[in-house]
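Single-structure report; data block below.
Bear in mind that the values in this text are calculations on the coordinates, not laboratory data. Computed from a prediction, not measured in an experiment: that's the story for all the values here. Glycine gets a Cβ as well: all are built from the backbone with ideal geometry, and neighbour counts include every protein chain shown.
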Amino acid sequence: MPIAAIEDPVAFYKCLADDTRLKCLLLILMYSELCVCDLTSALELSQPKVSRHLAELRKCGLLQDERRGKWVYYQLNPVLPNWCKDVLRNTAKHSTDYLEQVIARMEKAQTSQTRCQPA
């Protein structure tokens, strides 16, 4: 199946054109891998809403997922072209104000008991 964002720059940018999707991608880039529960804490959104956005990012070819017990973990798609990774890295590097609150909430959740618990 063709991966839209990898084949077409316009599709790539359309995938990024949503606040929730962009924040999810940047957080996953920064932490290498995150679970849905990490993202729900960071974004203060419901699990179904976050999962819907993550599904869209998978459909775009930007993410891959791996199920571990009852949890699903997300990473950047390793076949994503370097130019796409460069765009994401530069966006994360120059968006500290944009990401400050979500990072703080996620790190707080990761140190508390509200983090994903093993199945």
*Restricting attention to the stretch 20-119, which trypsin sites (Lys or Arg not before Pro) occupy a DSSP loop and are surrounded by at most 16 other Cβ atoms within 10 Å?*
70, 115
*Grab the eigenvalues of the alpha-carbon gyration tensor for the stretch 1-74, scale each by 5, take roots, and send me the semi-axes largest first in whole angstrom.*
20, 14, 10
*Starting from the amide H of residue 34, placed 1.01 Å from N in the peptide plane, find each other amide H under 5 Å away whose residue is 5 or more places distant or on another chain.*
74
*asked:* Show me, for the stretch 75-82, the HN-Hα J-couplings you get by feeding each phi into the Karplus relation (A = 6.51, B = -1.76, C = 1.60, θ = phi - 60°), rounded to Hz, glycine and proline as x.
replied: 9, 4, 5, x, 8, 4, x, 4
*GluC sites (Glu not before Pro) lying in DSSP loop within the stretch 1-64, provided at most 14 other Cβ fall within 10 Å*: 33, 44
*Pop out the ³J(HN,Hα) list for the stretch 95-104 in order, Karplus 6.51 cos²θ - 1.76 cosθ + 1.60 with θ = phi - 60°, rounded to Hz; leave Gly and Pro as x.*
10, 4, 5, 5, 9, 3, 5, 5, 5, 4
_Under the Karplus curve 6.51 cos²θ - 1.76 cosθ + 1.60, θ = phi - 60°, whole-Hz ³J(HN,Hα) for the stretch 38-45, x wherever Gly or Pro sits_ = 4, 6, 5, 5, 5, 8, 6, 10
*asked:* Student exercise: in the chain, how many lysine pairs 8 or more apart or on different chains have Cα atoms under 16 Å apart?
replied: 8
